[in-house]
Structures are given as structure tokens and as C-alpha cells.
Amino acid sequence: MSKTATLTVNGKVYELPMIESTIGDTGIDISKLRSQTSFITLDPGFANTGSCRSSITYLDGEKGVLRYRGIPIKEVAEKATFVETAYLLIYGELPTKEQLSDFSHAFSRHANLHEDMKNFFLGYPNTGHPMAMLSAMICALSAYYPELLKPEPSDQEIDLMTIQLMSKIRTICACTYKKSIGEPFIYAREDYDYVANFLHMMFSTPTKEYKIQKPVVNALRTLLILHGDHEQNCSTSTVRLVGSSWANLFASISAGVCALWGPLHGGANQKVVEMLEEMHSTGADITKYIERAKDSNDPYRLMGFGHRVYKNYDPRARIIKSKCDDLFNTLGVHDPLLDIAVKLENAVLKDDYFKERKLYPNVDFYSGIIYKAIGIPANMFPVLFAIGRLPGWIAHWREMKASKETRIGRPRQVYTGEIERDFVPIEKRK
Ligand code: CMC
């Protein structure tokens, strides 16, 4: 017998079906609540609301567990390539050799942008934030594939959009950087894999090839994998919500990029490094910053700490921190920001304010220090997050399209405004 929960409203009892998960939170199905009771639920920030059933990513924030399609993140980060991870997230299984080879070759075939798109970049100011260009260019891709823009595309058409997006996002991101420094765009090389190609398009010039270094490729690969998916976060929920109106995949992903840009989400990695730089320039007195973050009258927050779901050390942050040490040792570089970050983390972990609220370093705390060591400027950090998160967004959009439960996303509200009043002509207004 399926389980139910009971809800008593104004003395009347309602039975609500319970939706079992394979692991993790069980849902109470309130989809008929309003029609049966005339009441709705109120849950600002959706902290207690499940918006869908999903089989892509599982995470347990109390225990610090994260799994892609059931595989622990540590294993994926150690053993998979980014392209393999993308395949796993999107199609649900690790690819066979043949599937991986087909997937990778498709990326090579579709890496270049339509030459006309160069004009779009040229129209932006050099100081424009790369996320502004990225979201616009991803949406612009839809103009080049009008034949794919159907409310109900076929599986083959969705596969083609998937390849176009996954491959071209690297090119678009590298072009935003080249535009900002006034260098010519560099084309992808067929003999390079996904990550090496991105580095090549970022850092090669027409007269000098960028030297691909394995530790750098490996560090970047790990970071992209760790950002691959994180279930119903702000940007992924945005992609699903936009897609639920039957907006095309390019438009839905473009909206996801905009949601990711915010400093509380994927924009935090840029803000972390800016915060550490400020601490460095003011003599690394971290106490002052910690006190500010604890002051309830000051909106200041320590960037890179805290998470809606993790109430334990973010498992991605742990892996990134060890990658940071590996990369710095291998390259023989030293960044004073890493010393400040470690000092800040140690102080925060001992502080009662942060302990009581279970605020630990998140994925964005150490990632920027690695990007910086690779030579990527701070305003490109959220862009790197977007490249990593793209397979997750695509996987969720596809899952949403395939689900029979999907309806257009349309929350309700508890209205608290004026009930009804007369329109006052302008000359009589006070
Ligand atoms: N510094 C100081 N105080 C904090 C911080 C922080 N970084 N994060 C949360 N708090 C406090 C907050 O003031 C509140 O205190 P009180 O209970 O006294 O009002 C309490 O902790 C709970 O915070 P919240 O804002 O209700 O938590 P949330 O789940 O709504 O927000 C968060 C989660 C990630 C937006 C938030 O922790 C934050 O702003 N962190 C800094 C930005 C950041 O690093 N974002 C990247 C998140 S990881 C990448 C991703 O997946 O997006």
C-alpha cells in the first residue's frame, strides 16, 4: 500500500500521497492541494519544495555526499575525462569506447562558430563582462539552427543541439576572452581533446602556440567535472523552468547562464578571489572581514562559504583544495592568496558563528585560485563554471522534456497588496 501524509486544514483532514525516492528525501505530493483545499503552500527560495523527480544527481548535504548517476564524485573526478562525465550525466551511463569516440569526434566537427558570429563579439566593449557575451552568444546560436527549434524536437535533433552547445561553448568562451584583450580568435585543433582545445583557443596566438601542460589540463578537467551537475540549483531550475514553456534548448541554457552569473551562485568564484586580493592588499587582517560577515547589520558575506544544501564540508571543495596543492607543487608556483585562503578557512572553521550555521568552504572557495594559476582572469571564472555545468543543464532539460509529469512552471503567490482601489488622475495625486 502506498504511504500517505495527513494534513489538517480548518479541522478538515486531507490525505496526501507520499512519493518514495530510491535514496534521500521522500516527497509529499501536493499537486492537488489547491483544487482540493483552496490552499497553497508558501516556501520562499523553494528550500522545502521538490520541483520534479530526477535520476541524474544525488546529494546528501548533511553527510557531504555527491554522486553522478550513482557514481561517487571522487571516483568520477579521479577516473573520468570531462567528455565521459558529460556523456554519463546526459545519457545516464558511462559511454562504451565507440560511443565515446563518436561523441568526441562530433565535438571536433562542430567546434567552430559561423563566421558571421564574429561580428557579434566585435560589437561588445572590451570591458564587457564575458558572462554577458556568453549568454547572448548561446541564445544567438538558435538563430543558426531554425530547423531545430520545434516545441517537440526528435531525439536526433536534441542530440545535435547537445553536441553544438557542448562543443561551441568552449569556442564562445575563448572568443569572449580574446575579444577582451584585443587578440584574434583562434580556431580549435582536431588533434586536441576537449580541455586542451579550450586552453589552446584561450592562450595560443597566430604567431605562438600555447604549450599544453598535462598538470594544467588535469587540474582544469577536474574542475569542470566537479561543476558538472548539482541537481536543482538556481541555474538548473532556471533551465528547467524556461524549457517548460517549450523554449528551445539554446534559449533555456542562455537563461541558465544568466542565473549562474549571480555572486551567490556561479559568480562567487570571481568574488572569492577579489575578496582574497582585497585582504592581501590590506595586510591580510582577516579578523576584520570575519567580524563584518558576522555582523547582522552588515550585508557583507564571506564569499566561498555556506551552501543551501551542504551542512558539512562540500566534497567538491575538498577535492579542489587537494588539486590546488598538487598543481602549485608541480608548477613550482606560489600564490600568497592561497596562504590567505587557508588562514581564512582555518579561522572560520573554529568560529562559533560559522559552526552554528554549518558554514563550510564551498566549491567556489579554492577554484578561483587554480584558475588564476592557469592564467585565467577573474571575470572569466564564472564562464569556466558555465562550461562545467553545461552537461548538467542539458541533462536536466532533456529529463524535463522526456517526463510525462512536466507542466509549464508557474508558481502561485500569497498576495499581500491592496485589495481594490480607484485610479487617481495625475493632477489629484499627492
Ligand atoms: N558569510 C557569512 N554569513 C553567512 C554566509 C557567508 N558566506 N552564508 C550564510 N550566512 C549566514 C546568513 O547570514 C544566515 O545567518 P542568520 O541565520 O543569522 O540570518 C545563515 O548563515 C543562513 O544563510 P542563508 O542566506 O539563509 O542561506 P541560504 O541557503 O539561503 O544561502 C548561500 C546559501 C550559498 C547563498 C549563502 O551561504 C551565501 O551567500 N554564500 C556566499 C556566496 C557563495 O559562496 N556562493 C556560492 C555557493 S556554491 C556554488 C553554487 O552551487 O552556487
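The values are calculated or read from the model by the stated rules, or taken from the named source; none is laboratory data. Treat the numbers as computed from the prediction; the structure is a model and nothing was measured. Cβ coordinates were reconstructed from backbone atoms using ideal geometry, including for glycine residues, and neighbour counts include every protein chain displayed. Side chains included, ligands, DNA and RNA excluded: accessible areas come from the protein's heavy atoms. Shrake-Rupley method; radii C 1.70, N 1.55, O 1.52, S 1.80 Å.
On inspection, Val309 fails the criterion of being within 12 Å of the ligand (Cβ to nearest atom), over 30 Å from Pro153 (Cβ atoms) and buried (at least 22 other Cβ atoms within 10 Å of the Cβ). Of the set (1) more than 10 Å from the ligand (Cβ to nearest atom); (2) under 30 Å from Lys401 (Cβ atoms); (3) β-branched (Val, Ile, Thr), all apply to Thr236 but (1). I'd like to check something: does the stretch 100-116 contain any residue that is surrounded by 14 or more Cβ atoms within 10 Å (Cβ to Cβ), assigned to a loop (DSSP other than H, G, I, E, B) and of a type in the set (Gly, Ala, Ser)? Looking for residues that are surrounded by 14 or more Cβ atoms within 10 Å (Cβ to Cβ), assigned to a loop (DSSP other than H, G, I, E, B) and of a type in the set (Gly, Ala, Ser), one finds at least one in the stretch 100-116, hence yes.
Does the stretch 367-389 contain any residue that is among the basic types (Lys, Arg) and under 30 Å from Asp326 (Cβ atoms)?
Here is the first cut: in the stretch 367-389, the ones among the basic types (Lys, Arg) are 372, 389.
Subsequent filtering for residues that are under 30 Å from Asp326 (Cβ atoms) retains 372, 389.
Within the stretch 367-389, one or more residues are among the basic types (Lys, Arg) and under 30 Å from Asp326 (Cβ atoms).
For the stretch 374-403, the candidate set comprises residues that are in contact (Cβ under 8 Å) with a residue 60 or more places away in the chain, open to solvent by 10 Å² or more (accessible area, probe 1.4 Å) and among the small types (Gly, Ala, Ser); within that set, the residue that is nearest to the ligand (Cβ to nearest atom) is Ala378.
Do we have Cys258 as within 8 Å of the ligand (Cβ to nearest atom), modelled with pLDDT of 95 or more and surrounded by fewer than 22 Cβ atoms within 10 Å (Cβ to Cβ) here? Explain how you work it out, then say what you get.
Details: within 8 Å of the ligand (Cβ to nearest atom): no; modelled with pLDDT of 95 or more: yes; surrounded by fewer than 22 Cβ atoms within 10 Å (Cβ to Cβ): yes.
Against the criterion (within 8 Å of the ligand (Cβ to nearest atom), modelled with pLDDT of 95 or more and surrounded by fewer than 22 Cβ atoms within 10 Å (Cβ to Cβ)), Cys258 does not qualify.
Considering the stretch 312-339, and only residues there that are more than 16 Å from the ligand (Cβ to nearest atom) and among the hydroxyl-bearing types (Ser, Thr, Tyr), the residue that is least open to solvent (accessible area, probe 1.4 Å) turns out to be Ser322.
Would you check which residues across the stretch 394-412 are in a loop (DSSP other than H, G, I, E, B) and of a type in the set (Val, Ile, Thr) and list them?
If we filter the stretch 394-412 for residues that are in a loop (DSSP other than H, G, I, E, B), which is where we start, we get 403-412.
Correct list: Thr406, Ile408.
Filtered by the rule that a residue be part of a helix (DSSP H, G or I) and farther than 21 Å from Thr236 by Cβ, the stretch 30-80 gives Leu33, Arg34, Ser35, Gln36, Thr37, Lys74, Glu75, Glu78, Lys79. Taking each residue of the stretch 291-313 that is touching a residue at least 60 places away in the same chain (Cβ under 8 Å) and looking for partners that are among the small types (Gly, Ala, Ser) and more than 8 Å from the ligand (Cβ to nearest atom) with beta-carbon atoms closer than 6 Å, six or more apart or interchain, yields Val309/Gly61; Tyr310/Gly61; Lys311/Gly61; Asn312/Gly64; Tyr313/Gly64.
For the stretch 241-251, check the following and say yes or no: at least one residue is within 16 Å of the ligand (Cβ to nearest atom), under 25 Å from Gly61 (Cα atoms), in contact (Cβ under 8 Å) with a residue 24 or more places away in the chain and hydrophobic (A, V, I, L, M, F, W, C). Within the stretch 241-251, none of the residues are within 16 Å of the ligand (Cβ to nearest atom), under 25 Å from Gly61 (Cα atoms), in contact (Cβ under 8 Å) with a residue 24 or more places away in the chain and hydrophobic (A, V, I, L, M, F, W, C). For the stretch 341-373, the tally of residues that are within 16 Å of the ligand (Cβ to nearest atom) and either among the aliphatic types (A, V, I, L, M) or within 25 Å of the chain's Cα centre (by Cα) (or both) stands at 22.
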